[in-house]
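Written out below as structure tokens is the structure these notes cover.
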Amino acid sequence: MAAGAAPVASVDKADVSATVTGLRSTKGQVLACLTTRPDAFPDCAKDPHAFTRIVRAGANLRINFGAVPDGRYAIALVHDENGNGKLDKRLMIPREGFGFSRDAPVRMGPPSFAEAAFPVGGEDAHVSIRMRYIL
């Protein structure tokens, strides 16, 4: 270590993955976002450190986010059936599928971060997320 250099703190990490169930078709792609920030959930655009993935829709879909630092995370998914990179809506009602970690309830809008959050620490974390469709 160089003179005057501070020791580097080690950051514990664990792999995070999600199995997606209930896709109504294999068209398009699934947009996935993993964040630790309540203010950036469910749209990770506000979190430059979010882990995002885009994967082709398929019958047996597993999304790997890789190794992430220990913490409290939430996942939001969109089944982007037409491949335009966003959740399409009609009169504010989603026309494409969506899903959240912990099968967080959807009422008059997306669930809160607290309802979808799960801990990551020490061991790898795997969650199952069920897609939901309104239209």
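The values are calculated or read from the model by the stated rules, or taken from the named source; none is laboratory data. None of the values given here were measured: they were computed from a predicted structure. Using ideal geometry, Cβ is built from the backbone for each residue, glycine included, and neighbour counts are taken over all protein chains shown. Side chains included, ligands, DNA and RNA excluded: accessible areas come from the protein's heavy atoms. Shrake-Rupley method; radii C 1.70, N 1.55, O 1.52, S 1.80 Å.
Normalised per residue, the accessible area of the chain is 59 Å², obtained with a 1.4 Å probe and no contribution from ligands, DNA or RNA. Amide H to amide H distances under 5 Å link I75 with S101, where only residues 5 or more positions off or on other chains count and H is placed in the peptide plane. Note on S25 and N64: the model spin-label points, each 7 Å out from Cα along the C-beta direction, lie 2.9 nm apart. Annotation: extensible slack from R95 through R72 equals 5.3 nm (criterion: 0.36 nm per residue apart, minus Cα-Cα distance). So what is the relative contact order for the chain, in percent, with contacts set as C-alpha pairs under 8 Å and at least six apart? Worked out over the chain, it gives 33 percent.
Trypsin sites (Lys or Arg not before Pro), restricted to the range 14-58: which are DSSP loop and have at most 15 other Cβ atoms within 10 Å? Each step should come with its number before you reach the end.
Numbers: sites: R24, K27, K46, R53, R56; in loops: R24, K27.
Here the sparse-neighbourhood loop sites are R24, K27.
In this rough spin-label picture, where each label sits 7 Å from Cα along the Cβ direction, the Y133-D43 distance is 2.5 nm.
Against the set [x] 16.5, 63; [y] 15.9, 52; [z] 21.0, 78, the structure's computed Rg and Dmax of the Cα atoms in Å falls on [x].
A straight line joining the Cα centroids of the range 75-106 and the range 114-133 runs 17 Å. Mean-square fluctuations from a GNM of the chain, with a 10 angstrom spring cutoff on Cα atoms, peak among E115, E81, E123 at E123. Return the carbon/sulfur percentage of the accessible area of the range 58-135, one whole number, probe 1.4 Å, all protein chains in place. Roughly 53 percent, rounded to a whole number.
By the helix-only formula, in which each DSSP H run with n ≥ 4 contributes -39500 (n - 2.57) and the sum is divided by residues, the chain has a 222 nm mean residue ellipticity of -500 deg cm²/dmol. Using C-alpha pairs below 8 Å separated by at least 6 residues, the relative contact order for the range 34-80 is 48 percent.
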